[in-house]
1. Counting every Cα pair in the range 423-483, what percent are over 20 Å apart?
2. Classify the range 307-365: rounded, prolate or oblate, from the alpha-carbon gyration tensor (a ≥ b ≥ c, eigenvalue square roots; a/c under 1.5 rounded; otherwise prolate if a/b is larger than b/c)?
3. As an exercise, use a Förster radius of 25 Å and the Cβ-Cβ distance of E501 and E570 to find the FRET efficiency, rounded to the nearest 0.05.
4. Using 7 Å Cα-to-Cβ label points, what is the K474/L110 separation (nm, one decimal)?
5. Is the shape of the range 250-323 rounded, prolate or oblate, going by the alpha carbon gyration tensor and its root eigenvalues a ≥ b ≥ c, with a/c under 1.5 for rounded and a/b larger than b/c for prolate?
6. Translational D (Stokes-Einstein, µm²/s) of the range 438-597 at 25 °C and 0.890 mPa s when Rh comes from the Kirkwood sum over C-alpha pairs?
7. Using alpha carbon centroids, what distance separates the range 260-276 and the range 456-496, in Å?
8. First check a/c for the range 304-427, with a ≥ b ≥ c the square roots of the eigenvalues of its C-alpha gyration tensor; if it is under 1.5, answer rounded, and if not, answer prolate when a/b is larger than b/c or oblate otherwise.
Amino acid sequence: MCVYGTVSIAESFVRMAPSYTWLCVDKTLRLLRRKGVTPAPRLSSKGVSAAAAAAKGDSAAADRAHSCGIGSSFISETNLWETMNHFIYALLRATSYLYFMLVNAVFTVLNFFKPRHIVPRPTNRILFLSATKLAEKIRDGELKSLEVINAYIARIEEVNGIINAMVYPNFDNARKEAESVDQFLGGLDKNSDDFKNLQNTKPILGVPFTLKDCIKVKGMKCSIGVPARVNFVADEDAVFVKQLKDAGGIVLGTTNVSELAMWMESNNHVHGITNNPYDSRRNPGGSSGGEGALIAAAGSVIGIGSDIGGSIRMPSFFSGIFGFKNTQFLIDRTGHEPEGFTEGGLRNEMHVVGPMCRYIEDIPLMMKIGNPEKCKELKIDEPLDLSNIRVYYMEGIDSLVMEPLHCDIMEKLRKSVHYLESECQMTSFKVDFPEMKSGFGFWVTDLEAPGRPSFAQMATNFHGEVNLLSELGKNLIGRSEHTMAVIIGGLIEKFSIHSDEKELRRIHEKMRTELHSLLAENAVLLFPGFSFPAQFHHQALWTGCNISYTSIFNSMGLPSFAVPTGLNKEGLPTGVQVVGAPNSDALLLAVGRKLDKAFGGWTAPGLGLH
């Protein structure tokens, strides 16, 4: 019996302590594992496989599922340790609950007297049109490209002082390109084949787009929030940027990220911190947080994000938009900085570049521009009959180092399942993967890539290495030019601070096999978007393992679709993840469209318009 990555509550306190404390925690966990102590009974993972077999018509599978733990039965051992195990678990569970309750209480009090700013409601109706509809109206002459570009520039200038999302504007060039588009269309014969083929050859002609500040645009700066890169200018476009430009898109500018694009809050010492458009005191997510915030604030209509642990989906949840972590390698990532970021280990398989949008119809539009052949093969535009699709769902991850699922997130998850059952005749099954409590360990282990550039090297733009311990001391007195997230991440990487790598990899492969098998035939998994709606600034440093809600699917190599489910009573966005097998992107989009219909998609901050 093993702890399986259920880390003691001391690991939560390490978020605020010097990094060497991790070593003490690590040794303690190793000792506990050798002693065979497990702090709680575990559901048998065989039960999940049995449930899947039952769903496929196996007559005896339902009984097996019940006996394996899907239902009320547990597998446990009666031995000398059992009483102590339950006592240890109860003690740790209470400590964990009190810890997260205290963190939430402290940050609530600290922010109580700070003003909550919500971006002003958009009034220009152009801002409420999808990229698909904008392109159509520009082609048909109902709108001028320059009119659209000016509407978005005006909106960015209106909201950016509140959210600090755009860091490198491209307004002058965008206006010039828009004028060229209008001149081109004005001189084009509408009866010509060139005009008739525009929807295929230039599907977003004259439409603006934005992207995060770690994806190259020729002639523009690309800092990734790193002080040593403030003068770095890209000499070529990233492949996906070039594809969007060739399709007629116009770059409006680039948006803020976390330093080195490796944390779930978009904060750095080059551009500062990005605020959530629904509450300026709160985190819009990371690392594509500037992109998510700007799109949600109606300052952009479509954008490019990237995701190695949730960097597309988390900002989409926190800002109430759509974000698609597509099947690996579907969209070319060439031109993503820093150089060497995805080299070695499993990083290459975990990292994707993908679309972020306010309107769901723009997701397949961008995907087809990025890889038309693969999208045709996946049939992402063809309607699907969902009545024979199974919906598995999980109500959170039962882990001592992750926050219990917020009631608003739970409610939206259950409503999503109910809607798919009642309106789409889909069959649902509640499942549990106890191994997910090891999700943070999976992700940290998967990120290891011997031989690739280290965080310490990337933080200097490859001019030597940052002295991480020195920077840690400087950070504590406010003198470091690097964020605490990068320093801690670099120290974890440097000292390989995790436990039982061999055991973690064994559990990882076992769970990966089970999940892929479960979702292989006509099935999706509905999963909480995150454990909590957007938290206050810097709160994530104290609840870092919550990243497992998104990073687990990078580790598992599964596509995942972030779908907004409206605002809660506090006016904060909520969302769910729709997860599928590799190459099930069309199915995820089909389910996402149903949920978009159920919840109404994006809700404008301070307004109720969609």
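1. Distances greater than 20 Å cover 58 percent of the Cα pairs.
2. Prolate.
3. 0.05
4. With each label point 7 Å from Cα toward Cβ, the separation is 2.3 nm.
5. rounded
6. For these conditions, the coefficient is 135 µm²/s.
7. Cα centroid to Cα centroid, the span is 15 Å.
8. oblate
Each value in this text was obtained by applying a stated rule to the coordinates, not by laboratory testing. Just so we're clear, the structure is a prediction, and the values are computed from it rather than from any experiment. Cβ: placed from backbone, ideal geometry, glycine included. Neighbour counts: every protein chain shown.
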